[in-house]
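Accompanying notes for the structure given below.
Quick note: the coordinates plus some simple rules give every number you see, no bench work behind them. Fair warning: this is a prediction, and the values are worked out from it, not measured in the lab. We place every Cβ from the backbone using ideal geometry, glycine too, and count neighbours over all the protein chains shown.
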Amino acid sequence: MVKERIILGIDPGTIVMGYGVIHCKGKEAELLALGVLKLDKYDDYALKLKKIFERTVGLIEEYKPDEMAIEAPFFGKNVQSMLKLGRAQGVAIAAAMSRELAVNEYSPKKIKQSITGSGNASKEQVSSMLQRILKFENDNKFFDATDGLAAAYCHFLQNKLVIPELKSTGKSKIPAKKKASSWESFVSVNPSRVKK
């Protein structure tokens, strides 16, 4: 049985919030939407949070996702920036929860590793890989959009490894992940993620 689902991915931010929506059918995914919410024109911080909430709810109502994946705030030296980013993330999560949508959080390193095979990949590398995998073109004006899409695709990759229920226990079994030690190894473990 092929399971279909729609995943909304969010890259939270108080200047630009990126988002991507994918439709997953079995082991395949296709792009439904990609975009940004620009918030730099608003001076009032509370108004920015309100706009994040409203846009997230709007995306949920428009695309009817089954799940939401969101990028976790990274730990940096600027505490004020981290607090603002945490608030933006919290508001997006609250919007999803207000619509009873399951939320999954992934670290930036986990997302990059899932997409490119390297947790230290650049935003450009992540965007380029997603464009090849999902077959779309992007002007790369805002990497926040592909960062949101990357969160959604990372969630898809993490969950497509689940094997259907086992008859004896009634529980799902997740196979042990194979770790790629080189690019050649990564390609052999993930042939579907390399365009020929």
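Average projection, convex hull of the Cα set of segment 4-163: 9.1 square nanometres. In a DSSP loop and with at most 12 other Cβ atoms within 10 Å, the chymotrypsin sites (Phe, Trp or Tyr not before Pro) in segment 65-107 are PHE74, PHE75. Binning the C-alpha pair distances of segment 74-166 at 5 Å intervals from 0 yields a P(r) profile of 2, 12, 19, 20, 20, 16, 8, 2, 1, 0 %, listed from the shortest bin outward. Loop-located trypsin sites (Lys or Arg not before Pro) across segment 68-99 with a Cβ neighbour count of 15 or fewer within 10 Å are LYS77, ARG99, with loop assigned by DSSP.
My understanding is that a pair violates if its Cα-Cα distance is over 28 Å; which of LYS3/LYS51; LYS38/LYS135; LYS3/LYS50; LYS38/LYS112 do that in this structure?
With Cα atoms farther than 28 Å apart: LYS3/LYS51; LYS3/LYS50.
Loop-located trypsin sites (Lys or Arg not before Pro) across segment 16-53 with a Cβ neighbour count of 14 or fewer within 10 Å are LYS27, LYS41, with loop assigned by DSSP. Between the listed residues VAL57, MET82, GLY18, the Cα displaced farthest toward the positive end of the dipole of segment 4-163, a dipole computed from Cβ unit charges relative to the Cα centre, is found at MET82.
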